[in-house]
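What follows is one structure encoded as structure tokens, with my remarks underneath.
The values are calculated or read from the model by the stated rules, or taken from the named source; none is laboratory data. Quick caveat, the model's predicted, so the values are computed rather than measured. Neighbour counts run over all protein chains shown; Cβ positions are idealised from the backbone, glycine included. These area figures cover heavy atoms from the full protein model, side chains too; ligands, DNA and RNA do not enter into them. Shrake-Rupley method; radii C 1.70, N 1.55, O 1.52, S 1.80 Å.
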Amino acid sequence: QVQLVESGGGLVQAGGSLRLSCAASGRTSGYAMGWFRQAPGEERELVAAITWSGDRIVYADFVKGRFTISRDNAKNTVSLQMNSLKPEDTAVYYCAVAPRSWTVATALYNYWGQGTQVTVSS
């Protein structure tokens, strides 16, 4: 069993930055971790994912060049640095763990945090 707690969300003006953090308890060794987001009335979507070793990372096209995912395995944390934020980035952001080495399929992420709200004003 893995428990996840996100932090770092908030209100920011367009062009600003936020850093989201996710603290995990339980096993994440060898597992993929990811950040997802869900806006009102929209489906949950992948933002970025990273393998245990960090040798494989994927970003959604809409965040490439602006967001950076990283993980600290010693601390059992994963972070998302978000720069050049846009109003369309407004959503609840979720941290998740997939009990496998790699996947970008939302359905294969079995463990989820409670989410943290990110609001970008124009």
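Structure notes:
- Remark: the chain carries 49 Å² of accessible area per residue (probe radius 1.4 Å; ligands, DNA and RNA excluded).
- Difference of contour (0.36 nm per residue) and Cα-Cα distance, ILE57 to ASP72: 4.0 nm
- The Cα-based radius of gyration and maximum Cα-Cα distance (Dmax) for the range 65-118 are 12.5, 34 Å.
- In terms of overall dimensions, the C-alpha atoms belonging to the chain reach 40, 27, 23 Å along their principal axes, ordered largest to smallest.
- The mean sequence distance of close C-alpha pairs (under 8 Å, at least 6 residues apart), as a share of the length of the chain, puts its relative contact order at 36 percent.
- Whole-percent carbon and sulfur share, accessible surface of the chain, 1.4 Å: 47
- Ranking ALA107, TYR31, VAL63 by Cα position along the charge dipole of the chain, where only Lys, Arg, Asp and Glu carry charges on their C-beta atoms, puts TYR31 farthest toward the positive end.
- Among the chymotrypsin sites (Phe, Trp or Tyr not before Pro) in the range 1-83, those placed in a DSSP loop whose Cβ has at most 16 other Cβ atoms within 10 Å are TRP52.
- Simple Cβ-charge dipole of the range 1-117, Lys/Arg +1 and Asp/Glu -1, about Cα centre, in debye nearest 20: 300
- Alpha-carbon centroid distance for the pair the range 87-119 / the range 34-84, whole angstrom: 8
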